[in-house]
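The values are calculated or read from the model by the stated rules, or taken from the named source; none is laboratory data. None of the values given here were measured: they were computed from a predicted structure. Don't worry about glycine lacking a Cβ; one is built from the backbone with ideal geometry, like all the others, and counts go over all protein chains shown. The protein model used for the area step is the full one, side chains on, heavy atoms only, and it has no ligands, DNA or RNA in it. Shrake-Rupley method; radii C 1.70, N 1.55, O 1.52, S 1.80 Å.
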Amino acid sequence: SEDEENGSGSSGSEEKPFRLEATGRGRARKSGRLSREPRQRHTANARERDRTNSVNTAFTALRTLIPTEPADRKLSKIETLRLASSYISHLGNVLLLG
C-alpha cells in the first residue's frame, strides 16, 4: 500500500509536468529569450509611440474640421468621433435635401 501512495499511481503522472518545467532546459530557453527581449521591447515601444502620435495627430486634424461651441473647446476623442459622425450625417442630409 505504500507503493500505491508514493509510487506509480495517478499522482505520479500529475507531477511530471512540474518536474519538466523545473529542468534546466526551460531556463536556458527563457534566458535566451530575455537577452533578446530588451531590444525587441525597445523596438515595440518605439512603434507604439509612433502609432499613438499618428492617432493623436489625426484626432487633432479632425477636431479642426468639426464646428464646436465655444470654438476653442477641445473635444475628447470619443466626443470628436461622435460629433464627426453626426456632422457627416448632417452634411449628407443637406446634400440630399438641397
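Kirkwood hydrodynamic radius of the stretch 36-97, from the reciprocal of the average inverse Cα-Cα distance over all distinct pairs: 14.0 Å. The local environment of Ser76, defined by Cβ-Cβ distances under 12 Å, has a net charge of +4 under the rule Lys, Arg +1 and Asp, Glu -1.
Using a probe of 1.4 Å on the protein chains alone, the accessible area found for Leu62 is around 60 Å².
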